[in-house]
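Novice: Got a structure here, written out as structure tokens. Questions coming.
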Amino acid sequence: MEQLLQQIEVYRREIEAYNTNGADGAEQFRITYLGSKGIVKSLMGEMKQVPAEKKKEFGQILNDFKQFTEDRYNSLKENAADDKQVAASAIDLSLPGDEIPVGSRHPISMMRNRIVSIFQRLGFSVAEGPEIEDDWHNFTALNLPEHHPARDMQDTFYISTNPAWLLRTHTSNIQIREMEKGKLPLRIVCPGRVYRNETISARSHCFFHQVEGLYIDENVSFADLKQTLYFFVKEMYGDDVKVRFRPSYFPFTEPSAEMDISCLLCKGAGCNVCKYTGWLEILGCGMVHPKVLEHCNIDSEKYTGFAFGMGVERPALLKYGINDIRLFSENDVRFLKQFTGIV
Ligand code: DAH
């Protein structure tokens with residue numbers, strides 16, 4: 001019996017050290033130790049040699065050994081199954097990685113940021129407002145009462161279930177909303193998307209972007225307006241560009257003007273971009289109409305102000321050499337990815 005116990009101890013160590021992995025290794029183990037001609041079976045056969053009074057003790061040891069062997073077999077089997085699964089889903093490290101495209105800023109956002117940052121340097125802060133607007137803030141408060149002929153130029157989209165609401169036609173609604181807050185002086189730039197009921201073509205769209213400017217304080221003059229816009233043009237287009245103001249009409253400003261810069265492409269000689277005039281119109285501006293100030297409860301005797309509004313699409317077309325405004329909203333990655341890396 002002593003000898004048998006020693007033998008079992010040797011088997012235990014052998015089993016612990018067993019290291020043939022995989023399904024084959026597990027099967028080999030089963031045959032050797034647990035098979036019908038295996039070691040556990042043959043140890044059972046030794047039972048008859050054990051003296052009667054030791055049989056119980058030996059039986060117990062043998063059972064423990066059998067349990068130990070079976071546990072080892074089960075864990076070998078499990079490991080083999082895990083290995084198989086890993087092999088099936090194996091990651092091929094030699095494959096090239098997935099390409100993660102680097103996004104880019106949209107050219108309209110880039111141009112808007114450029115415009116806004118120039119005015120920020122002059123002390124203007126950014127204000128924004130709703131795209132779905134009521135009649136008062138988009139038209140009436142801006143001295144465009146119902147049936148005013150100037151509304152014709154800004155036909156827009158209405159909400160059919162409630163025609164009191166419309167998609168704003170310009171960012172000038174933000175002027176009104178900010179002035180209504182009653183905090184003066186006011187010096188803001190207002191970037192945003194606007195809508196018009198227009199036929200879509202390479203040069204016009206039913207939505208586009210504007211940046212509005214507004215400065216209200218005591219003694220603000222047309223000279224301040226000109227100086228501010230001269231600075232803007234210099235920063236934006238360079239020192240060589242010429243500027244001219246043409247008298248114009250907007251219901252919300254008096255006097256009103258449109259500002260042109262000398263054509264960036266032909267430098268004033270005339271080309272198809274400037275329609276052979278040598279000039280490009282870039283914004284509308286003027287001194288805020290006293291009626292607009294009064295609509296916002298601002299004392300028009302005490303305060304004056306200037307305002308301006310410009311489109312974002314046109315300067316972006318010029319800057320990036322794009323010839324169709326529709327490209328901005330088509331979401332074509334081939335177009336958009338050309339701006340990767342530009343800030
Ligand atoms: N709101 C005008 C438009 O959309 C642009 C504009 C012109 C804004 C003159 C102004 C301004 O603030 O003073 O055509």
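The values are calculated or read from the model by the stated rules, or taken from the named source; none is laboratory data. Here the structure is a predicted model, which means the values were calculated and not measured. Positions of Cβ are generated from backbone atoms using ideal geometry, with glycine treated the same way; all protein chains shown enter the neighbour counts. For the accessible areas, the whole protein counts, side chains as well, though only heavy atoms, and no ligand, DNA or RNA atoms are used. Shrake-Rupley method; radii C 1.70, N 1.55, O 1.52, S 1.80 Å.
Novice: Carbon and sulfur together cover what percent of the accessible area of segment 30-148 at a 1.4 Å probe radius?
Specialist: Ligands and nucleic acids excluded, carbon and sulfur reach 53 percent.
Novice: In square nanometres, what is one fourth of the surface area of the convex hull spanned by the alpha carbons of the chain?
Specialist: About 34.1 nm², averaged over all directions.
Novice: State in Å² the accessible area per residue of the chain; use a 1.4 Å probe, count heavy atoms of protein chains only, and round to the nearest integer.
Specialist: Spelled out: the 1.4 Å probe surface of the chain, per residue, equals 58 Å².
Novice: Related question: Quick check: Cα centre of segment 322-343 to Cα centre of segment 121-169, how many Å?
Specialist: The two parts, judged by their Cα centres, are 29 Å apart.
Novice: Another one. By the gyration tensor of its Cα atoms, with a ≥ b ≥ c the square roots of the eigenvalues, what is the shape of segment 116-236: rounded for a/c under 1.5, prolate for a/b over b/c, or oblate?
Specialist: On the way: a/c = 2.07, a/b = 1.50, b/c = 1.39.
The shape class here is prolate.
Novice: Report the semi-axes of the equivalent ellipsoid for segment 2-89 in whole Å, largest first, where each axis is √(5λ) for an eigenvalue λ of the Cα gyration tensor.
Specialist: So the three semi-axes of segment 2-89 are 31, 11, 10 Å.
Novice: Would you work out if segment 252-343 is rounded, prolate or oblate? Take a ≥ b ≥ c from the square roots of the eigenvalues of the alpha-carbon gyration tensor; rounded if a/c is under 1.5, else prolate when a/b is larger than b/c, oblate otherwise. Please list the in-between numbers first.
Specialist: Values: a/c = 3.60, a/b = 1.76, b/c = 2.04.
Oblate.
Novice: Still on this model: Sum up the charges of everything whose Cβ sits under 12 Å from the Cβ of Gln7, counting Lys and Arg as +1 and Asp and Glu as -1, but leave Gln7 out. Don't jump to the answer; show the numbers that get you there.
Specialist: Details: positive: Arg12, Arg13; negative: Glu2, Glu9, Glu14, Glu46.
So the environment of Gln7 carries a net charge of -2.
Novice: Where does the chain land at 222 nm, in deg cm²/dmol rounded to the nearest 500, when only DSSP H runs of n ≥ 4 count, each adding -39500 (n - 2.57), divided by all residues? Kindly include the intermediate steps, with their values, before the conclusion.
Specialist: Details: 11 runs with 127 residues, N = 343.
My calculation for the chain gives -11500 deg cm²/dmol from helical runs alone.
Novice: Distance check, please: which entries in Lys226/Lys291; Lys183/Lys302; Lys181/Lys226; Lys242/Lys319; Lys37/Lys66; Lys234/Lys275 exceed 19 angstrom between their Cα atoms?
Specialist: Table pairs above 19 Å Cα-Cα are Lys226/Lys291; Lys181/Lys226; Lys234/Lys275.
Novice: Now, a different point. Springs between alpha-carbon atoms under 10 Å, Gaussian network over the chain: tell me which of Pro51, Pro315, Pro255 tops the mean-square fluctuations.
Specialist: Pro51
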